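These notes concern the structure reproduced below.
What follows draws every value from the coordinates through simple rules; no lab data is involved. Quick caveat: nothing in here was measured; it's all calculated off a predicted structure. Neighbour counts are summed over all protein chains in view; Cβ atoms, including those assigned to glycine, are modelled from backbone coordinates with ideal geometry.
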Amino acid sequence: MEKTNKKYLEEIIRVDHAGERGAIKIYEGQLLALKTFKQDEYLKRKIEEMKEHEKEHYEYFDGEIQKRNIKPTKLLPLWDILGVTLGFGTAMLGEKAAMLCTASVEEVIDDHYKNQTYKLGDDEKELKEKIMKFRQDELDHRDIAYEHGATKKGLFGVLDKVIKTSSRIAITISEKI
C-alpha cells in the first residue's frame with residue numbers, strides 16, 4: 001500500500017484551499033462589476049452558478065485544513081485582493097474577457113488537480129476522489145466559458161497568458177508559504 005508523503009499532502013490541501021477561495025474571489029469581483037456597471041443578468045447568473053461550485057470545493061478544503069491542523073497560506077489576504085481585482089477587471093472588459101478568465105484559470109487547475117492525483121497514495125482515497133470530482137467541475141466551468149464567448153484571439157491571447165502565468169505563480173507560492 002502506497003502512503004502519501006506528509007509534506008505533499010499538506011501542500012496539496014493548502015494550495016487547493018487557497019485556490020478555491022481565489023476562484024470565489026474572482027467570481028465575486030466579476031459579480032461586483034456585473035451588478036454595478038455592466039448590468040448583464042444572464043452572465044451574472046452563469047457566474048453565480050459557478051461560484052456555488054467553488055464554495056462547495058472551498059468548504060471541503062477548509063474542513064480538511066481544520067481537521068488535519070494544516071496552516072493555510074499566509075498570503076490569503078493578498079490572493080483575496082488580487083482575485084477580486086482580476087475578476088472585476090475582466091468583467092469590465094466584457095463577456096469575452098470574463099469568460100476567458102474562467103477558461104484560463106480552469107485550464108491551469110485541470111493540470112494542477114491531475115498532477116495532484118498522482119501524488120496521493122492509497123491512504124488518501126477520499127481526498128483523491130474529491131479532487132477528481134472537483135477537477136471535473138472545473139472542466140465543466142471551462143467548457144461553459146468557451147460556450148459563452150471565451151476566446152484567445154488577438155489581445156485575448158495575451159490576457160490568457162497573463163492569467164495562466166499568474167495562476168501558476170500563485171499555486172507555487174501557496175504550496176510553500
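A Cα-only calculation for the chain places Rg and Dmax at 16.0, 55 Å. Helices of the chain meeting both criteria, an alpha-carbon length of 30 angstrom or more along the long axis and an average Kyte-Doolittle score not below 0.0, with helices taken as full DSSP H segments, are 156-176. Please go through the residue pairs 55/119; 7/119; 51/130; 55/161; 35/130; 128/152 and name each one whose alpha carbons sit more than 21 Å apart in this structure. From 55/119; 7/119; 51/130; 55/161; 35/130; 128/152, over 21 Å: 55/119; 55/161; 35/130; 128/152.
The residues 21, 68, when put in order of fewest to most other Cβ atoms within 10 Å, stand as 68, 21.
Ranked for footprinting exposure by Cβ neighbours inside 10 Å, fewest first, 132, 99, 50 give 132, 50, 99.
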